[in-house]
Amino acid sequence: MFDDLAEEIHKNAVNKGFWDRPADPIFLAKQMMMIVSEVSEAMEAVRKEMNPEQISDEFADIIIRTLDLYAGMAEAGYVTKSLDFAIKEKMERNTHRPKKHGVRF
């Protein structure tokens, strides 16, 4: 599910020129910060009480950028685990963690 979607999103990003250079650590760090930028935009949409569609669009941007980056990193050999498997594995681990994972917030 996520693996296929990531591949589709990444293919489009490549076709649109967003991956026109090698996936070196600096480029990947920039891509990670673009995800942070999208999170900030979502926070601002909530803070400014924008309409629900705008907030949904910002969350879509976060997911699209994240899946694109994962697929690009997989293509470059930085990750090898299926994202579908990684998510299921992490969700299972989280079910056994303590409340708030043992921290105050």
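The value of relative contact order for the stretch 5-64, using C-alpha pairs under 8 Å at least six residues apart, is 33 percent. Charges were assigned to the Cβ only: +1 to each Lys and Arg, -1 to each Asp and Glu. The resulting dipole of the stretch 9-48 about its Cα centre is roughly 80 debye. Residues of the chain were split at every exposed loop site, defined as trypsin sites (Lys or Arg not before Pro) in a DSSP loop with at most 14 other C-beta atoms within 10 angstrom, and the longest piece left, sites excluded, is 49-80.
For n ≥ 4 DSSP H runs only, could you compute -39500 (n - 2.57) per run for the chain, divide by its residues and tell me the 222 nm figure to the nearest 500? Value at 222 nm, helices only, nearest 500: -24000 deg cm²/dmol.
Where does the chain land on the Kirkwood hydrodynamic radius, alpha-carbon pairs, in angstrom?
15.5 Å
Near Gly72, once Lys and Arg are set to +1 and Asp and Glu to -1 for all other residues with Cβ below 14 Å from its Cβ, the sum equals -2. The lysine pair count for the chain, using Cα distances under 30 Å and pairs eight or more places apart or on different chains, is 18.
Taken together, the values in this text are just the output of simple stated rules run on the coordinates, not laboratory data. What you see is a predicted model, and the numbers here were worked out from it, not measured in a lab. Heads up, the Cβs are rebuilt from the backbone with ideal geometry, glycines too, and the neighbour counts pull from every protein chain shown.
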